[in-house]
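Input: a single structure, listed below in structure tokens.
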Amino acid sequence: MAELQKDPMTRGDFLGFGVLGTIVGALLTIPPAAFILGPVIDVNVRGESDVPDDWFRAGHVSEVPPDEPKAFVVAFPLNQVYSERQVIEEGVDTQEQTLRNAIWTSWKDLKPPGFIAELGQNRTPGISREQVIEAQGALNVLSSSCAHLGCPVRWLVKEDGGEFLCPCHGGIYDINGAYVGGPPPRGMYRYTYEVREDGYIYVKHEFDVGGDKGSQKPFVI
Ligand code: FES
């Protein structure tokens with residue numbers, strides 16, 4: 001009588017291989033999952049910005065009038081991992097996603113440096129090192145996003161001057177971005193900026209969040 005051939009793999013071996021296969025499969029999944037989820041975790045969990053840590057040109061100091069704020073629009077490029085959208089701006093095919101933010105600029109307490117009146121609106125190509133230092137200390141460079149829930153604030157001209165007014169819940173700020181009234185818990189967010197010898201104001205997409213320089217983002221809608 002023929003002897004039954006013994007199965008070379010026991011039930012224990014079979015289960016062991018199953019568990020091993022599951023572990024190896026899980027390990028192989030981690031790198032692509034980390035690659036895919038990394039940017040999302042950086043932005044939404046770790047609070048990092050998806051805008052490059054670069055300087056972007058806003059406008060020339062001569063364009064900021066002596067008696068009221070001036071809004072510049074800056075298109076910050078976004079680091080996009082998963083998709084690209086074709087963006088045609090000023091005839092240039094940029095192939096990138098951008099975050100367009102309005103930036104309010106004004107002279108602190110409406111006191112522009114003396115040389116600004118001489119520049120007029122001519123956007124002269126450059127200013128001296130001394131003028132750079134003077135302009136740097138005299139500017140407000142403010143986010144247009146309200147410090148309450150992020151609605152874009154507007155400049156409201158009044159008989160005695162003007163104020164920034166938020167149309168959503170009535171938040172009010174003065175020309176320097178300081179809190180005046182309404183629900184916002186603080187004054188307007190201030191951009192990190194610098195004035196250069198070409199006479200232009202450059203900004204980074206980061207903000208002074210109340211004394212501490214940091215990269216905390218204001219609400220942006
Ligand atoms: Fe500006 Fe509420 S969003 S006051």
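Size descriptors for region 140-209: radius of gyration and Dmax over Cα atoms are 12.9, 40 Å. Note on exposure: Leu15, Leu78 ranked by accessible area (1.4 Å probe, complete protein assembly) read Leu15, Leu78, with the most exposed listed first. Close amide H partners of His205, meaning residues 5 or more places away or on another chain with modelled amide H under 5 Å apart, are Asp54. By a 1.4 Å probe calculation restricted to protein chains, Leu27 has an accessible surface near 110 Å², given to the nearest 10. The Met9 and Thr29 beta-carbon pair, evaluated with R₀ = 22 Å, returns a calculated FRET efficiency of approximately 0.25.
The values are calculated or read from the model by the stated rules, or taken from the named source; none is laboratory data. Not measured: the values here are computed from a predicted model. Don't worry about glycine lacking a Cβ; one is built from the backbone with ideal geometry, like all the others, and counts go over all protein chains shown. Ligands, DNA and RNA are excluded from the accessible area calculation, which covers all protein heavy atoms including side chains. Shrake-Rupley method; radii C 1.70, N 1.55, O 1.52, S 1.80 Å.
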